Amino acid sequence: MPADLEARLREVLRPDDPPTGSRERMLNRLMAAPGRRRRPGRRSWGGGLAAAAMIAGFAVFLVLILPRGAKRPAPLPPAAFAVLKGGSPSDLTALGVTVEDLNFPGLAASTLRTVRRVGDTTILAGRNRDGLVCLSLVGPEPGPTPAAKPGQAIVTHVRAWTACGLPAAVERSALVQVTWTGRQRPVILVPDGVRLRGPRGAIPVTRNVAVAPVGTAAVTATYADGTRRRLRTDGQTTMPLAPADRRAIATVTVPDLPGARGGDAGRLLEASLLTAGSTTAEPSDAVPAGRVLRQSPAPGTTAPTDARVDIVLGSPGGTRTSPSPATALALTEFPAGPGTLAFERATLGALRGTVRVLLFVRTRAEASSARWVPPTAVYGSGTIVVVDGGRAAAARVLRRDTSASLAIDPDGSLQAALGVRAPATVVLDREGRVAVRSGRLPSGPLPDARLDIDAITYALQLEPRSAGMPPLEIPRQAWWLTTREPLDPADVPGAVPVAGSCAAERERVWAFGPAGGLRLWISVSASSGLQAAPAQVVVVAPVRHRAPAPTSVSSCDRFPAARDAAGPAVDVSTERTTAGIRRIFVVRDGYDRAELDGRSFPVVNGMAVTEGGKPFGQRIVFSGPAGRAVVTG
């Protein structure tokens, strides 16, 4: 490099901290550098040397302005979301919440940024440990705030919720939540450069976030590349990603699930464009009950979009004791009032088949803890309040604000058999063994790290049935089950609730259809009624259903009587839709179509869906190789 050029560069640049405007000054000086004029007709080597010197000068310039040092820079947030760059983390303490209260696994508190406030709601944006983009809302619990009396302080409970999505997916759509206080308004997180327009005109976007007017069900988004998309903002989905945009994302990274609660793991998979596969549980002391113990495929691996991820939850570990099944129990399943208590004799052995929670209490206040136990079976005796005393004590503590059954322990023999003394909680697994024994009672609606009944019962219901546990007996008239093979337990979809109220037996789930844009699953559930027969669980979901969380059970009731199941088809679900009355039938072999009001509906894999007609007394004709028969619905 010529000496005069090097001197000029040193005048305008400093190795560690290039001053503002140095680039422009360097270019101006290079342009002003003296050179010899080229004579016409002669080849000039000086011009080539000058060009080479200029290139070398630019190289030196770039080297000098690059940051120095061995320290690697921290990972940058997704480039398409300016709100995640710079600034100070949100003060969660001032908002009255912790990062756990924001309800999304792996949410990184250091990445959270306060965007703005809308009424009583604070809007935050951030990321989780897997790199997902997140939108959080923090506000008071819905409902009127009572007026404070003199000398009284009103404590307002805070509610928070978070929606997250894969950056590549959010860049093609948005994240949407709806405020729950005051007049509910959609809150929309969009990538940089997006313009939004609703039915009433343009919607301003500030720091990647827009707040749409009340009642806005959809908006039109114009992205930086000119693409226009219509986004749902009615709260039915948190990431309105179009199917074509979803298909454009070929592969994704599997998130880190171990340690997350079972329900949160499903949300994390959905946000990562993956599908929840099988969920089972096994005893372990490595993680708290109800949290992910392991997963397949492993975290950090690459998988196709919508690939299945199977998880195993930890259930209560340690040695489980088996009390004598002949231990006596005085129980009333439906306590109506202190003057009508009628206890019937039962045994601990009669409680087998589903998870039971026994609360041993002495006072009315202790009995109220039954409110915080989630439903664990079809009927009330999934939770049993056991009174330390006889009938008189039971009348004193009886509460009618829970669906729990009531039992008495006059001589303390039941407490002795289970190794507890009131107040105490005992959780029995499906085989009647003591899985949890605690000197505490459930204390509120929020998870208790020392006694998380919700997580414990959920994990226990997911444990596989042991070889020594007899299967539930299916009534002979249920030909739609007895003549078909059930699904492999590993293939049971997440739409079928295998835990919680009216839990389906994972080993006994049958699939039908799809027909009429719907899928149908039928299973059997252990009724908590001590003398009752198993219940039939009917689950209906759209063909495109992707939610990892259980679908609402369409019905959970006794199997139809033999006389009602004698025809070619049985109505398992009826509801009113915009098209009229929709009926879902299970159909015998030999029938391939159903006819109603001049319309024909196909029978697919033992399932038919009819639309229209009257709610009652409707004649549906089924026909096929087996003949022609009429079913009255």
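The values are calculated or read from the model by the stated rules, or taken from the named source; none is laboratory data. Everything numeric here is computed off the predicted structure, so don't read it as measured data. We place every Cβ from the backbone using ideal geometry, glycine too, and count neighbours over all the protein chains shown. These accessible areas exclude ligands, DNA and RNA; they are computed on the full protein's heavy atoms, side chains included. Shrake-Rupley method; radii C 1.70, N 1.55, O 1.52, S 1.80 Å.
Among the residues of region 585-599, those identified as open to solvent by 50 Å² or more (accessible area, probe 1.4 Å) and either among the polar types (S, T, N, Q) or part of a strand (DSSP E or B) (or both) are Arg593, Glu595, Arg599. For region 196-217, taking the residues that are small (Gly, Ala, Ser) and surrounded by 15 or more Cβ atoms within 10 Å (Cβ to Cβ), the one that is farthest from Thr181 (Cα to Cα) is identified as Gly198. Condition check for Pro258 on (1) in a loop (DSSP other than H, G, I, E, B); (2) free of Cβ contacts under 8 Å to residues at least 12 places away in the same chain: one failure, at (2). All of Asp589, Asp557 fail the test of being free of Cβ contacts under 8 Å to residues at least 60 places away in the same chain, out of contact with any Lys or Arg (no Cβ under 8 Å at 6 or more places or on another chain), among the acidic types (Asp, Glu) and closer than 26 Å to Pro493 by Cα, apart from Asp557. For region 83-100, a residue qualifies if it is part of a helix (DSSP H, G or I), open to solvent by 50 Å² or more (accessible area, probe 1.4 Å) and either farther than 20 Å from Leu446 by Cβ or modelled with pLDDT of 90 or more (or both), and the qualifying residues are Thr93, Ala94. If the condition is being assigned to a strand (DSSP E or B) and more than 22 Å from Ala393 (Cβ to Cβ), then region 419-437 contributes Val427, Leu428, Val434, Ala435, Val436, Arg437. Out of Pro475, Pro464, one residue alone is touching a strand residue (DSSP E or B) at 6+ places or on another chain (Cβ under 7 Å), open to solvent by 20 Å² or more (accessible area, probe 1.4 Å) and either among the aliphatic types (A, V, I, L, M) or closer than 30 Å to Trp510 by Cα (or both). It is Pro464.
Residue check: is Pro186 under 19 Å from Gly226 (Cα atoms) and in contact with a strand residue (DSSP E or B) (Cβ under 8 Å, 6 or more places away or on another chain)? Spelling it out, it is not the case that Pro186 is under 19 Å from Gly226 (Cα atoms) and in contact with a strand residue (DSSP E or B) (Cβ under 8 Å, 6 or more places away or on another chain). Yes or no: Ala250 small (Gly, Ala, Ser), over 30 Å from Arg320 (Cβ atoms) and more than 20 Å from the chain's Cα centre (by Cα)? Answer is yes for this residue.
With the requirement that a residue be closer than 20 Å to Val355 by Cα, out of contact with any helix residue (DSSP H, G or I) (no Cβ under 6 Å at 6 or more places or on another chain) and open to solvent by less than 40 Å² (accessible area, probe 1.4 Å), what does region 407-425 give you? Hits for region 407-425 are Ala407, Leu414, Gln415, Leu418, Val420, Ala424, Thr425. Of the listed requirements (1) touching a Ser or Thr at 6+ places or on another chain (Cβ under 6 Å); (2) touching a residue at least 40 places away in the same chain (Cβ under 8 Å), Ser438 misses just one: (2).
Of the residues in region 159-180, none is out of contact with any Leu (no Cβ under 9 Å at 6 or more places or on another chain) and hydroxyl-bearing (Ser, Thr, Tyr).
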